[in-house]
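What follows is a single structure, written as structure tokens, with notes after it.
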Amino acid sequence: MITVHGLYKSYGAHPLFQGISIQVEKGEAVVLIGPSGSGKSTMLRCINGLETFERGEVIVDGIELHSINSKRPSKQEAERIRNVRLKLGMVFQQFNLFPHMTVLQNIIEAPVRVLGMSREQSVADAREILRQINLEGKINSYPGQLSGGEQQRVAIARALAMRPEAMLFDEPTSSLDPEMAGEVLSVIRKLVDGGMTTIIATHEMGFAHEAADRVVVFDKGNIIETGPPTEIFTDPKVPRTREFLNRVLGRFRI
């Protein structure tokens with residue numbers, strides 16, 4: 001479903017990725033863990049065409065994004081990026097809801113304007129998605145009237161309304177307290193259990209252990225270890241993984 005091959009990415013004279021590769025199968029739930037600044041979010045943004053890169057390729061369901069150096073991609077490149085984004089839903093750390101629009105309006109805006117879906121169908125879809133995430137009672141509320149956890153769940157609903165084939169989550173609970181984070185993680189878990197292809201960058205180690213098919217460990221722009229969660233969390237092979245988990249969980253001795 002998603003392939004990243006030989007990716008090189010720098011910020012000025014400072015390299016981040018130097019030939020990094022990852023592959024995600026259809027229906028697989030992959031969780032990215034590692035210290036802040038290690039490249040997890042940048043990887044997701046490269047996959048979704050939100051970040052440029054110097055070398056390598058990203059392939060999403062057969063659509064290829066090659067090295068794009070310019071902030072102004074060619075017409076052909078821009079079309080490929082658009083097609084990739086139509087296949088991927090992305091949820092960010094910040095909710096990015098339109099504050100002047102109700103929950104319903106936030107959800108149906110893109111399906112109507114981008115997909116050309118009828119308003120009636122978009123509203124029906126929105127109501128069903130909100131029912132599934134227990135927010136049907138908030139359909140006419142504005143973002144400012146919602147808790148942080150509710151806003152993030154609306155952001156997820158907005159992404160799902162575009163009927164994506166895969167979902168990318170970039171630290172979706174980083175700005176939430178534990179109770180609100182639990183609400184959001186519960187929604188993501190339902191998507192994973194339902195077979196949605198997902199890549200999730202998170203510091204929620206308990207969620208990663210329970211929900212992931214595979215855990216990928218980042219450090220300083222490199223993938224240093226990958227494997228099933230039981231292996232990564234109970235018997236990591238790389239000392240840096242062990243050190244990171246020791247700091248986060250206090251479970252491993254160095």
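Every number here is computed from the coordinates shown, using simple stated rules; none is lab data. Keep in mind that what you see is a predicted model, and the values were worked out from it rather than measured. Methodologically, a virtual Cβ is constructed for each residue, glycine included, from the backbone with ideal geometry; neighbour enumeration extends over all protein chains shown.
Note on Lys26: aspartates and glutamates with a C-alpha under 20 Å away, same-chain residues under 8 apart excluded, are Glu57, Asp61, Glu64, Glu165, Asp170, Asp193, Glu210, Asp213. If you sort the three axes of the alpha carbon gyration tensor as a ≥ b ≥ c, you get a/c of 1.5 or more for the stretch 23-73 and a/b no higher than b/c, which makes it oblate. By the rule of a C-alpha distance below 21 Å, with chain neighbours fewer than 8 residues away ignored, the lysines paired with Lys220 are Lys9, Lys40, Lys237. Please give the charge dipole size of the stretch 176-241, origin at the Cα centre, charges +1 on K and R Cβ atoms and -1 on D and E Cβ atoms. Round to the nearest 20 debye. Dipole about the Cα centre, nearest 20: 280 debye. Taking Cα extents along the principal axes in Å as the quantity of interest, determine which of (1) 55, 45, 30; (2) 54, 40, 35; (3) 79, 48, 30 was computed from the displayed structure. Correct label, based on the coordinates given: (1). Taking Lys and Arg as +1 and Asp and Glu as -1, the other residues whose beta-carbon sits under 10 Å from that of Glu210 total 0.
What does the charge count around Ile224 come to, taking other residues whose C-beta lies under 10 Å from its C-beta (Lys +1, Arg +1, Asp -1, Glu -1)? Let's see the in-between values first.
Values: positive: Lys220, Lys237, Arg240; negative: Asp219, Glu225.
In short, +1.
A dipole drawn for the chain from +1 and -1 charges on Cβ atoms has a positive end, and of Met117, Ala78, Phe98 the residue lying farthest that way is Ala78.
Dipole of the chain computed with +1 at Lys/Arg Cβ and -1 at Asp/Glu Cβ about the Cα centre; of Ile133, Leu7, Pro172, farthest Cα towards the positive end is Leu7.
Using only side-chain charges placed at the Cβ, +1 for Lys and Arg and -1 for Asp and Glu, the dipole size of the chain relative to its Cα centre rounds to 520 debye.
For the stretch 1-103, what class follows from the C-alpha gyration tensor (a ≥ b ≥ c being the square roots of its eigenvalues): rounded when a/c is under 1.5, otherwise prolate if a/b is larger than b/c, else oblate? Verdict is rounded for the stretch 1-103. The residue among Phe207, Gly27, Tyr142 whose Cα reaches farthest toward the positive pole of the charge dipole of the chain, with charges on the beta-carbon of Lys, Arg, Asp and Glu, is Tyr142. Measuring between their Cα centroids, the stretch 82-129 and the stretch 157-187 lie 14 Å from each other.
Students often check this: by mean Cβ neighbours within 10 Å, which of 82-91, 155-164 ranks highest, and how do the rest follow?
Working: 82-91: 19.1, 155-164: 20.8.
Those peptides, ordered most packed to least, come out 155-164, 82-91.
For Lys138, list the lysines whose Cα falls under 29 Å from its own Cα; do not include residues on the same chain fewer than 8 positions away. Those lysines meeting the cut-off are Lys87, Lys190. Here the gap between Asp177 and Arg131, fully extended at 0.36 nm per residue and compared with their Cα-Cα distance, gives a gain of 14.2 nm. Remark on Glu225: its backbone amide H falls under 5 Å from those of Val217, a criterion applied only to residues 5 or more positions apart or on other chains, H modelled at 1.01 Å from N. Taken about its Cα centre, the stretch 56-199 carries a charge dipole of roughly 480 debye when the Cβ of each Lys and Arg holds +1 and the Cβ of each Asp and Glu holds -1.
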